[in-house]
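Have a look at the structure below before the remarks.
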Ligand code: FES
Ligand SMILES: [Fe+2]
């Protein structure tokens, strides 16, 4: 398999959301990130600990073991690991005999943020991106499950930064088949952590859409921003004239080069009248439309700048790819080349 992503040092030094916090409870959990199996469990002081899912004794998968008083117990011979992955018990050894020093687990970096468990396999070079609404009491946060998409993280980000597919892919939700033209895209820092663009769209608003928009008109106006934070984090903001804001954080974590965890988080400043489950059904339906499309495409989005053809409306995705190539140290990218705005029509 082509390992463009899984062996890249910059990606090994990046944070990825791999599970919901509520999923890491009384039992160990196995996740795979960049082709490496990791066990997660909640340690003695309640924090999530992560380590390669391989016992240093005879390589049993620790995720098949149990957690007892916050200690991870290997299913094979019962070696037991506590805070910071330290080996605290070898059942076959006489009491009082020190544990072998090389028996401690080498842990990976773990943080909990936005209801999610984030893992960095190396030494992080940038922080987890900030969502200001997380600490704004006017907003509530809604988490969704971590799904697995059979496509590359690069294809997902390319899709999440793209609005030209709305009238084609999202006709079952908010997309309007008649609104295909995209005005000229200008990129800018949206705020400290997010780079992207602002735009306005008209969105179809029926069925589930009315719950999300809080309006009953057949079509609603949205002022939006879409931006990225390297490597694979995307934020979309939807602002309605009513003052309602709906912020979506779209997170892609490579399981391997062609399989990806996807989860999204929503922040809304609504009156909490509609349940989180009902609100989120619309976004889940939109996500399913994207997933269906992307799983038809082969493998990794090519990361060179010349193979694919882009137009002005692809500007954000082209710029994200340029910055990603730079971050990943793959090659010196040529200048961003997009055709004139008229080609976007
Ligand atoms: S393999 Fe884990 S205790 Fe032996
Ligand atoms: Fe989409």
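Please treat every number below as a calculation from the coordinates, not as lab data. The shown structure was predicted, so the numbers you read here are calculated from the model rather than taken from an experiment. Because the Cβ atoms are built from the backbone with ideal geometry, glycine has one as well, and the counts that use them run over all protein chains shown.
Here is how the numbers come out for the structure above:
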| item | result |
| --- | --- |
| Over the chain, relative contact order from alpha-carbon pairs under 8 Å, at least 6 apart, % | 18 percent |
| Segment 1-62-segment 126-166 distance, computed between alpha-carbon centres (Å) | 20 Å |
| Prolate/oblate/rounded call for segment 152-204, Cα gyration tensor, a/c under 1.5 rounded | oblate |
| Computed lengthening from residue 93 to residue 76, 0.36 nm per intervening residue step minus Cα-Cα distance | 4.6 nm |
| If the convex hull is drawn through the Cα atoms of segment 28-104, its volume per residue in Å³ | 85 Å³ |
| Alpha-carbon spread of segment 64-221, three principal axes, descending order, Å | 76, 36, 34 |
| Computed FRET value (nearest 0.05) for residue 277 with residue 132, which takes r as the C-beta separation and R₀ as 30 Å | 0.75 |
| Calculated [θ] (222 nm, deg cm²/dmol) that DSSP helices of n ≥ 4 give over the chain, each run adding -39,500 (n - 2.57) | -4500 deg cm²/dmol |
| GNM flexibility winner over the chain from 155, 54, 102 (Cα, springs under 10 Å) | 102 |
| Those residues of segment 105-133 whose amide nitrogen sits under 16 Å from the label point placed on residue 83, 7 Å along Cα→Cβ | 105, 107 |
| Computed over segment 155-255: relative contact order in percent, which uses C-alpha pairs under 8 Å that are six or more apart | 21 percent |
| Cα-projected label distance for residue 22 with residue 198, points at 7 Å along beta-carbon direction, nm | 3.6 nm |
| Per-selection Kirkwood Rh - segment 136-328 (Cα, Å, 1 d.p.) | 17.1 Å |
| Added length on full extension, which subtracts the Cα-Cα distance from 0.36 nm per residue, residue 184 to residue 7 | 60.1 nm |
| Ratio of Rg to Rh over segment 150-256 (Cα coordinates, Kirkwood Rh, two decimals) | 0.97 |
| Globularity index of the chain, i.e. its alpha-carbon radius of gyration over 2.2 N^0.38 Å | 1.10 |
| Compactness of segment 262-334 - radius of gyration and Dmax, Cα, Å | 17.5, 51 |
| Within a Gaussian network of the chain (alpha carbon springs, distance under 10 Å), most fluctuating of 293, 109, 224 | 293 |
